[in-house]
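One structure is given here, and the rest of the page talks about it.
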Amino acid sequence: MAELEAEHKARQQGATRWREAKEFAHLLDLADVVDIPTAAEGYTGQQERDEATGDYLDKNTHALAQALYERQVPLVWNDLIREVERIRRRKNQSPLSASWHRNVGIALKQCPFELAEATPEAIREWIDQMQDSGLSGLTINSKCSLLSSLVSKCMRSGLLQGMAMNPFDAADYSAGEADHIYTAVEQDYRDLSGLLPKLLDRQLIPVLIQVYCGTRISEVRNRKREDFDLERGTMQVALGTAKNKASVRTIPLPQRVVDLLKQFPFEKGWGTASQLNIRLRSLNPDLTSHSFRHGITDLGRNNHVDPAHIEALLGHRLSISQMSNVYGQGYDPEVLRSALKPVWKQIDAWLAD
């Protein structure tokens, strides 16, 4: 329900009103007089494009332009929700529960693609991202199952009559495999040293932040320029982009990462989790970027770092007694920087080989 309310609010603001039949017909007429890019840009007010692909950076403008080229409005996830509710009303069944709407709304908010982009490849990449962000196999299975069920019901109803196969059927999102995440060991760090020079900065920086700081890949990929304080050498994981409230924190960064960030073009974005994991698996089939989050825990233990400092670094919930070891007059990342010195020294030595 929350997702539908969000769409209603967007309609009131005019963001997606072009999906309405009369509005879209008007835009088709306008595109015939001027041209499609001019019509789309004039409607949304967004003109910026990706220099490499030529795609609009604003997803709404991109979707509108595509619809005008194809002369039809593509279905979106919320259309499927309305269709399922319509079917239940026709069959005199009770409405779907508030908890169902809430869970579907959460899944859609986190889903990085629209219905038209729901290919098996996109779904597998999303599964990788969820796993790398620390979600359990059961949680991943739940989110994918909810969206898969929407697609299946709408295929049977005829709304998706042109869809030959449910794309979720070609992606393995079962809970078993996602529950186990391999922990990086010394040899993985040493092997990584040979891969680092081959990575683009949009892959190199995220993996180094994970290696030294144990962050989730999503916590790096959600970061913008303003989340970094390069003078202090810190990264802020802000509320709304963290996994939960405990994950909101300020993280100290090693100098080599700070130096790379000074030259990084944030406007072009980070590399995807799946791209990075493909490179890492060339070193070890079991290795993912999340393996280094587990690895930092082992390194902290082996170097006799106070567990409270490691838990604070990782964004885990701390007890009151643990918090007293990390939180003083407000949260000071320099406490963590000092505590992490032996761990970073060990990592430096392995990556230097």
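Values computed for the structure shown
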quantity: Verdict on Asp58 being over 19 Å from Glu114 (Cβ atoms) and among the charged types (D, E, K, R); calculated: no
quantity: Flag if Gln46 is of a type outside the set (Lys, Arg), in contact with an Asp or Glu (Cβ under 7 Å, 6 or more places away or on another chain) and within 28 Å of Ser274 (Cβ to Cβ); calculated: yes
quantity: Qualifying residue in the range 293-301 (condition: closer than 30 Å to Phe113 by Cβ, assigned to a helix (DSSP H, G or I), at pLDDT 90 or above and among the β-branched types (Val, Ile, Thr)); calculated: no
quantity: Criterion violated by Ala184 - all others in (1) modelled with pLDDT of 90 or more; (2) assigned to a helix (DSSP H, G or I) satisfied; calculated: (2)
quantity: Checking Gly45 against (1) open to solvent by less than 100 Å² (accessible area, probe 1.4 Å); (2) at negative phi, the condition it does not meet; calculated: (2)
quantity: Hey, Arg202 over 30 Å from Ala107 (Cβ atoms), in contact (Cβ under 8 Å) with a residue 24 or more places away in the chain and assigned to a helix (DSSP H, G or I) or not; calculated: no
quantity: Qualifying residue in the range 208-229 (condition: among the acidic types (Asp, Glu), part of a helix (DSSP H, G or I) and at pLDDT below 90); calculated: yes
quantity: Residue list for the range 268-292, restricted to those being assigned to a helix (DSSP H, G or I) and without any contact (Cβ under 8 Å) to a residue 12 or more places away in the chain; calculated: Ile278, Arg281
quantity: Residue check, Ala98 at pLDDT 80 or above and touching a Leu at 6+ places or on another chain (Cβ under 6 Å); calculated: no
quantity: Residues located in the range 246-271, provided they are surrounded by fewer than 18 Cβ atoms within 10 Å (Cβ to Cβ) and either in contact with a Pro (Cβ under 9 Å, 6 or more places away or on another chain) or closer than 26 Å to Pro112 by Cβ (or both); calculated: Ala246, Val248, Leu260, Phe264, Pro265, Phe266, Glu267, Lys268, Gly269
quantity: Residues that are of a type in the set (A, V, I, L, M) and in contact (Cβ under 8 Å) with a residue 12 or more places away in the chain, drawn from the range 31-72; calculated: Ala31, Ile36, Ala39, Ala40, Ala63, Leu64, Ala65, Ala67, Leu68
quantity: Subset of the range 302-337 (residues that are at pLDDT 85 or above, in a helix (DSSP H, G or I) and over 22 Å from Val220 (Cα atoms)); calculated: Asn302
quantity: Spans of helices (runs of 4 or more DSSP H) in the range 92-164 with at least 1 residues surrounded by fewer than 14 Cβ atoms within 10 Å (Cβ to Cβ) and in contact (Cβ under 8 Å) with a residue 12 or more places away in the chain; calculated: 98-110, 137-157
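Matching residues to (1) modelled with pLDDT of 75 or more; (2) in a helix (DSSP H, G or I); (3) in contact with a strand residue (DSSP E or B) (Cβ under 9 Å, 6 or more places away or on another chain):
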site	(1), (2), (3)
Glu5	no, yes, no
Lys9	no, yes, no
His26	yes, yes, no
Asp29	yes, yes, no
Thr38	yes, yes, no
Gly42	yes, yes, no
Gln47	yes, no, yes
Glu51	yes, no, no
Gly54	yes, no, no
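The values are calculated or read from the model by the stated rules, or taken from the named source; none is laboratory data. In this text, all values refer to a predicted model and were calculated from it rather than measured experimentally. Please note: Cβ atoms are built from the backbone with ideal geometry, for glycine as well, and neighbour counts cover all protein chains shown. Heavy atoms of the whole protein, side chains included, go into the accessibility calculation; ligands, DNA and RNA do not. Shrake-Rupley method; radii C 1.70, N 1.55, O 1.52, S 1.80 Å.
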